[in-house]
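Scroll down for the structure; my scribbles are underneath it.
What follows is calculated from the coordinates using simple rules that are stated; it is not laboratory data. Computed from a prediction, not measured in an experiment: that's the story for all the values here. Note: ideal-geometry Cβ built from the backbone for every residue, glycine included; neighbour counts use all protein chains shown.
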Amino acid sequence: MRRWNPVNINTPSYFNTIWPQWEGASFNNLRMRTMTRSVVDNSVVLDLGAGYLGCGMYLAQRETWNGSIVCVDFSIEAARMTLRDSMGKLQYIVADVLCVPLQEGRFDYVFAGEIIEHMEQPEALLKEMKRMLRPGGQAVVSTVDMHCATAKRNGCRYPDHVWDFTCDSLRDICRTVFDCADVSTCGNYHIGWLQ
């Protein structure tokens, strides 16, 4: 893990201007299918840093899945867009992902897709994921592979990324909080399944 940008520009106002630019965008289906592959019906799911087009929204739009979904993000625009497009199948809380205002230990799955690289203290996000997870539950974290061909083709322009993770460095930081961290690369992303 290495510092990518010296200044952290990740604020609610910044993302409230970014998310409307995603109107009309679609899911990265490979990433979403991979991240949610173990989710079963009637699960209770938390999506931290859900933004727009997160795992919670992906599950809400699946016709064959039933469960309870709570999304948390500090962007009111992300909440508005997600609620509009998720057919009333999820709850969205505008809050800081590092102090989720919900009962701890109640979620079967906790997702954090493409947020860990935005956090000044990535370990704090992992600790909050673990706090919200029920015993025996599964957390899933992902980050962009900044060294993939797509990132290089785009000039690696990620002004809001604070950190650059390799597969190994993501695994290492996850193991500081979780006993088991299985991390691999899928397409343009590093994805970790944590318990």
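Here are a few things to note about the model shown:
- Whole-Hz couplings from phi, Karplus 6.51/-1.76/1.60, listed for the range 123-132; x for Gly and Pro: 4, 5, 5, 4, 5, 5, 4, 5, 4, 7
- Each residue of the range 101-116 is assigned a 3J(HN,Hα), and the resulting list reads x, 9, 4, 6, x, 10, 10, 6, 9, 10, 9, 9, x, 6, 10, 4 Hz, derived from the Karplus form 6.51 cos²θ - 1.76 cosθ + 1.60 (θ = phi - 60°), x at Gly and Pro.
- Counting only Cβ charges, +1 for Lys and Arg and -1 for Asp and Glu, the dipole size of the range 1-118 around its Cα centre is about 220 debye.
- Extreme residue, positive dipole direction of the chain, given options Ile76, Asn10, Val141 (C-beta unit charges): Val141
- With kT/(6 pi eta Rh) evaluated at 4 °C and eta = 1.567 mPa s, and Rh the Kirkwood radius from Cα pairs, the chain diffuses with a coefficient of 78 µm²/s according to Stokes-Einstein.
- Phi angles of the range 160-166 translate, via the Karplus equation with coefficients 6.51, -1.76, 1.60 and θ = phi - 60°, into HN-Hα couplings of 9, 7, 8, 10, 10, 10, 8 Hz per residue; Gly and Pro are given as x.
- Full-stretch length increase - Arg62, Glu23 - with 0.36 nm per residue and alpha-carbon distance subtracted: 12.1 nm
- Report note on the peptides 140-146, 171-177: ranked by the mean count of other C-beta atoms within 10 Å, highest first, their order is 140-146, 171-177.
- Split the chain at each of the GluC sites (Glu not before Pro) in a DSSP loop with at most 13 other beta carbon atoms within 10 Å, and the longest piece is 121-195.
- Modelled label positions at Cys99 and Ala149, each set 7 Å beyond Cα in the direction of Cβ, lie 4.6 nm from each other.
- D by Stokes-Einstein for the range 33-130, Kirkwood Rh over Cα pairs, 10 °C, 1.306 mPa s: 119 µm²/s.
- Under-5 Å amide H pairs with Gly67, H placed in peptide plane, nonlocal only: Asn42
- Here the gap between Arg80 and Thr176, fully extended at 0.36 nm per residue and compared with their Cα-Cα distance, gives a gain of 31.1 nm.
- Percent RCO, i.e. relative contact order, over the range 1-154, from Cα pairs under 8 Å lying at least 6 residues apart: 21
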